[in-house]
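The values are calculated or read from the model by the stated rules, or taken from the named source; none is laboratory data. Predicted model only: the values in this text are computed from it and were never measured. We place every Cβ from the backbone using ideal geometry, glycine too, and count neighbours over all the protein chains shown. Note: accessible area is taken over every heavy atom of the protein model, side chains too, but ligands, DNA and RNA are not part of it. Shrake-Rupley method; radii C 1.70, N 1.55, O 1.52, S 1.80 Å.
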Amino acid sequence: MATRSSSKTNRFLVFIFATVVVALALYLFYNFKLALTDALVTRMGPKAGGSSLIRIPELILWSILAFLGVRAVSTLIFDVLFRIRRGYEAPTLVRNIFSLLAFTGLFVLTFNKIYEEVNLGALFTTSAIFGVIIGLALQDTLGNFFAGISLHADRPFQVGDVIVVGPLKHTGVIESITWRAIKIRTFQNHIVLVSNSNAAKEAIEVAPRENLNARLVFFGTLYTDSPAKTIHVVRESVRDADNVSEKITPIVRIRNLGDSAIEWEIKYWLDDYAKYNDTDALVRQRVWYALRRNGLTFASPTLTLHTERKAVTRPTTAEEQIADRLSAVDVFSPLSSEELKQLATATMGHVFAPGETLIRAGDEGSSMFVVHNGRVAVQVVERGKPRTVAVLTEGNLFGEMALFTGEPRTANVVALEETEVLEIGHGAMKHIFETNPSLAESISWTIAERQADLAAGSLQASQQSIQESAGVLASIKRFFGLH
């Protein structure tokens with residue numbers, strides 16, 4: 001910043017010095033003009049054009065002064081007023097066009113003032129053929145010039161933006177835009193010049209400097225890895241990486257279910273898009289470490305041959321783990337170890353994603369559930385909106401009314417996080433009731449208490465009295481055909 005300020009100060013001092021020198025030269029010229037004219041006429045003779053020659057330095061001095069004046073006005077308009085009003089630097093091409101037109105106009109006025117006897121209109125008319133020749137010779141140059149005007153009129157990009165342009169997909173940061181070409185510094189630190197005429201014909205991909213531009217990074221995990229856990233782990237590892245914008249949380253989502261992997265994509269936004277190569281590499285590094293720390297695995301192409309496929313009744317947990325979980329549930333405490341093993345064998349394990357509905361109010365069902373891992377919310381609908389009346393954690397059961405009495409589901413149950421539940425069906429419980437009739441009475445008390453809690457938490461629940469435990473027991477015996 002100090003270097004730039006010092007450079008501007010030096011240019012200003014040089015401008016002031018040049019202006020003073022030219023003004024002094026004009027002052028001296030007009031003071032000695034008559035003497036110089038007489039000297040030239042005396043030496044060259046009145047017909048040699050000495051008076052015309054003396055006007056050449058006059059034209060040169062006034063042209064230099066006009067040039068300095070145009071530079072001063074251009075600086076005032078584009079470096080001061082334009083930047084204050086628009087907030088960014090004026091395009092180089094616009095400055096050049098203004099300077100060229102302004103200087104040309106001042107030069108013509110100065111020329112006509114000094115050489116009044118010369119008709120510039122006649123001069124340009126007689127040189128029309130010469131102009132055509134020059135125009136054909138400068139066809140490409142003029143094409144670049146007018147294409148540059150078009151680009152600056154549309155303003156699709158400016159200095160500092162990252163662009164991809166041309167059939168070779170040149171990618172880099174724009175360093176300057178002139179009347180002839182766009183100067184790009186690639187990420188290999190090479191300079192590429194793309195002519196304005198070619199740029200005007202090509203599709204240009206622009207990542208604006210002042211915009212939050214996004215990037216996509218891909219990876220794959222095994223099908224045995226939890227999607228919810230993968231999303232959480234990867235998102236948290238990426239969001240605090242350098243150059244990843246804090247304004248928008250990175251998105252981690254499943255891109256495809258491939259042949260040998262769950263294919264993922266990470267969408268994140270950058271503070272400085274010009275550093276996207278380094279940031280992509282850093283994000284991939286963060287993903288590798290995060291997956292390794294959390295026991296997740298990158299997928300690689302694999303081929304598994306199965307000679308025999310057996311029916312799997314319990315895909316997610318072992319019988320011992322299920323039996324241990326069921327033994328901690330109050331209603332199953334009267335069961336013996338052998339009965340718990342029999343119930344565990346007939347139990348199914350299911351995994352639900354966060355926000356997924358396990359059961360819906362009003363649905364028919366013939367099974368109950370025990371929360372094995374995670375949390376679920378029991379919700380009732382009031383005035384068209386769900387309201388949570390209970391949160392169940394590991395070891396809690398739900399859906400028992402449908403299993404034991406055959407009634408429809410009375411509430412919605414939604415997973416609050418990735419949750420694994422154990423499903424116990426009608427057939428498994430019927431076999432246990434037949435071998436242990438006392439279990440039916442224990443469960444009837446639990447059901448009566450659960451109904452009382454749910455009714456107290458619902459604003460729409462009727463005020464009718466809760467069924468007695470004996471009534472629930474009768475319903476269980478009738479539904480399961482017990483005597």
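Using a 7 Å offset from the Cα along the Cα-to-Cβ direction at both T104 and D242, what is the distance between the two label points in nm, to one decimal?
Going by the 7 Å Cα→Cβ label model, 5.0 nm.
Keeping all protein chains in place, calculate the accessible area per residue for region 170-301 (probe 1.4 angstrom), answer in Å². Display every interim value, and only then the final one.
Numbers: 7460 Å² over 132 residues.
Accessible area per residue: 56 Å².
Measuring from label point to label point, each 7 Å out along Cα→Cβ, what is the V20 to K113 span in nm?
So the two model labels end up 2.4 nm from each other.
Between T224 and T249, what FRET efficiency comes out of the Förster formula 1/(1 + (r/R0)^6) with R0 = 30 Å and r the beta carbon distance, rounded to 0.05?
0.65
So which of K229/K267; K229/K275; K169/K201 end up more than 21 Å apart by C-alpha?
Details: K229/K267 17 Å; K229/K275 29 Å; K169/K201 14 Å.
Over 21 Å apart, Cα to Cα: K229/K275.
Kindly sort H372, H232, H426 by accessible area of their heavy atoms, largest first, with the probe set to 1.4 Å. Present the calculation step by step, with values, prior to reporting the outcome.
Working: H372 20, H232 100, H426 50 Å².
Result, largest first: H232, H426, H372.
Show me 428-438, 12-22 ranked by packing, highest mean number of other Cβ atoms within 10 Å first. Show your work: numbers first, answer last.
Details: 428-438: 15.4, 12-22: 12.5.
Those peptides, ordered most packed to least, come out 428-438, 12-22.
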